[in-house]
Amino acid sequence: MITCEEFFAEFGDYLEGRVSPEVRKELELHLSQCRACHVLYDSSCKTIKIVTDSCSFDLPQNISDPIVDRVMAKLRTDRS
């Protein structure tokens with residue numbers, strides 16, 4: 001099974017459906033066995049749904065990518 005750190009490294013691509021079927025299977029196995037990562041996944045999905053459903057604004061990718069990168073770096077740091 002993959003580690004939480006390995007899960008975090010693939011998390012963004014997983015959410016966007018940009019991982020291979022093999023990696024997806026490993027990530028989903030990890031999610032099924034790791035409560036902390038499952039909570040992160042569930043919270044992220046709910047947040048994405050809220051933001052998407054609100055249609056209040058769209059951030060350009062050159063703004064949103066650095067934000068996502070900082071959040072993911074913080075998550076990795078907190079898990080260490």
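The values are calculated or read from the model by the stated rules, or taken from the named source; none is laboratory data. Computed from a prediction, not measured in an experiment: that's the story for all the values here. No Cβ is skipped: glycine too gets one built from the backbone with ideal geometry, and neighbour counts run over all protein chains shown.
Looking only at segment 16-52, which residues are at pLDDT below 90 and surrounded by 11 or more Cβ atoms within 10 Å (Cβ to Cβ)?
Result: Ile48, Val51.
Provide a single number: the residues in segment 43-53 that are touching a helix residue (DSSP H, G or I) at 6+ places or on another chain (Cβ under 9 Å) and of a type outside the set (S, T, N, Q).
So the count comes out to 2.
How many residues does segment 49-69 hold that are more than 17 Å from Asp13 (Cβ to Cβ) and either assigned to a helix (DSSP H, G or I) or under 15 Å from the mean Cα position of the chain (by Cα) (or both)?
8
Hey, among the residues in segment 6-48 that are β-branched (Val, Ile, Thr), over 17 Å from Ile67 (Cβ atoms) and in a helix (DSSP H, G or I), which one's farthest from the chain's Cα centre (by Cα)?
The extreme case among them is Val23.
Looking at Asp69, Asp13, Asp78, which is the one that is surrounded by fewer than 10 Cβ atoms within 10 Å (Cβ to Cβ) and either touching a Leu at 6+ places or on another chain (Cβ under 8 Å) or acidic (Asp, Glu) (or both)?
Step by step, each of Asp69, Asp13, Asp78 is checked, and only Asp78 is surrounded by fewer than 10 Cβ atoms within 10 Å (Cβ to Cβ) and either touching a Leu at 6+ places or on another chain (Cβ under 8 Å) or acidic (Asp, Glu) (or both).
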